[in-house]
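Single-structure report; data block below.
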Amino acid sequence: MRDFNLMISTSRGNERNACSEAWYLLREVGDSDVKVEPTGVIGLLVSKTSLDPVKAVNALRDILRERPWEFRYVLRVVPIQAVTDSTLNSIESKALELSNLIKEGESYRITVEKRRTNLKSAEIIQAIAPKVNRKVSLEQPDKILLVEVIGKIAGVSVIKPDDVLSIEREKRTL
């Protein structure tokens with residue numbers, strides 16, 4: 001799937017169960033047309049939801065708080081706002097396009113997660129950072145410019161740190 005807007009992680013060997021669980025949970029939050037597929041990378045799925053991906057993650061968080069037992073296989077859900085080829089130029093272009101979501105006065109950090117690629121995190125960061133005219137904060141950024149590379153495709157987002165749903169971290173706070 002090339003037009004995904006959620007990345008979902010699970011434990012090794014539970015990809016099929018996590019696909020079913022994510023499909024069910026996203027339908028629970030109002031998406032009647034959700035698609036979930038394994039990526040071929042162990043423990044990693046992608047999903048296309050008709051909902052806004054950040055709002056979908058927040059709705060899943062609400063289910064987790066009310067019914068934590070519903071989450072058995074899904075470990076983490078990350079909203080993706082744009083998908084592009086995993087060339088340095090394409091990633092840079094898409095990241096700069098989304099960087100306008102980092103408002104004047106907000107700080108940011110670039111986070112790169114990569115699988116099945118020869119691209120280096122440092123070269124991705126060096127291609128983007130000098131062109132984003134905002135304050136950098138590695139420890140407590142207001143926004144995260146997230147680049148997720150999976151082989152020949154990359155997902156890019158500008159999100160708040162708490163827009164990523166980590167099931168185990170959330171369960172510890174219940």
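Bear in mind these aren't lab numbers, they're just calculated from the coordinates by the rules spelled out. Owing to the predicted nature of the structure, the values given are computational and were not obtained by experimental measurement. Counting neighbours? That spans all protein chains shown, and the Cβs are built from the backbone with ideal geometry, glycine included.
Distance from a point 7 Å along Cα→Cβ of residue 52 to each backbone N in the stretch 58-101: keep the residues under 16 Å and list them by number.
Answer for this model: 58-62, 79-82, 101.
Based solely on its DSSP helices, what 222 nm [θ] is calculated for the chain when runs of n ≥ 4 H residues each add -39,500 (n - 2.57) and the sum is averaged over all residues, nearest 500 deg cm²/dmol?
-9000 deg cm²/dmol
Assuming R0 = 25 Å, what is the FRET efficiency of residue 2 and residue 120, from their Cβ-Cβ distance, to the nearest 0.05?
Efficiency at R0 = 25 Å is approximately 0.60.
If we restrict to alpha carbons, what Rg and Dmax does the chain come to, in Å?
15.9, 44
Roughly what % of DSSP beta bridges within the stretch 86-159 run antiparallel, to the nearest 5?
Here the antiparallel bridges make up roughly 40 percent for the stretch 86-159.
Starting from the Cα of residue 16, step 7 Å toward the Cβ, then list every residue of the stretch 66-106 with an amide N under 18 Å from that point.
Answer for the stretch 66-106: 72-74.
Enumerate the amide H contacts of residue 113 below 5 Å, restricted to partners 5 or more residues apart or on another chain; note that Pro and chain-start residues carry no placed amide H.
Placed amide hydrogens put 147, 148, 149 under 5 Å from residue 113.
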